[in-house]
Amino acid sequence: MPALGMSHVAFCVRDMEKSLAFYQEALGFRVLQDRRQETTTGGLPHVYKHRRATRRQVTLAYGEGDARPQLVMTEHPGEPPDGAPIKLDQIGISHLSFTVPSVAQLTQQLLAKGYHTAGPPDAFQDQAGRVRTVFFFDPDGILVQFDEGSGG
């Protein structure tokens, strides 16, 4: 059966407020849903590495309506997260990537807000000296790529 589209990308965060600030400031994402859920019953205990009591799950979208794919961030209040973000050469989802109108402008905005690129900012310049793609770390160290384009 063919897929009809991608509904969401989900990831766990250490500090929901810091992560929300990044994705809202960097990309203008907006919160569609913010809920708490018990994680000890149903199917959830089977998809967790560690037993968790509850989770806070925030669904974010960009643009108008409920644009897809959405980002779904999960935090486990009062419980430390497990693991570390991976790099491009490791098994698993290595990064998120977004198209923006101006990578150079976004890079300057995010650097001014204290966010960090994955390497020196000038390392991402092409042969003409322009930055058309860049990788930043989100508050949890997850790689987030920004590519220049129209998004179409």
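Averaged per residue, the chain has 61 square angstrom of accessible surface, using a 1.4 angstrom probe with ligands and nucleic acids left out.
The share of accessible area on region 37-152 that comes from carbon and sulfur is 53 percent, using a 1.4 angstrom probe.
Take the Cα of Val47, step 7 Å toward its Cβ, do the same at Phe98, and the gap between the two points is 2.4 nm. The distance separating the Cα centre of region 115-137 from that of region 1-42 comes to 26 Å. You can think of it this way: the chain between Ala128 and Met6 has 40.4 nm of extra reach, that is 0.36 nm per residue less the Cα-Cα gap.
From its DSSP helices (H runs of at least four residues, each -39,500 (n - 2.57)), the chain gives a residue-normalised ellipticity at 222 nm of -4500 deg cm²/dmol.
The values are calculated or read from the model by the stated rules, or taken from the named source; none is laboratory data. Remember, predicted model here, so these are calculated numbers, not experimental data. For neighbour counting, all protein chains shown are included, and Cβ atoms are generated from backbone atoms with ideal geometry for every residue, glycine included. SASA here: full protein model, heavy atoms, side chains in, ligands and nucleic acids out. Shrake-Rupley method; radii C 1.70, N 1.55, O 1.52, S 1.80 Å.
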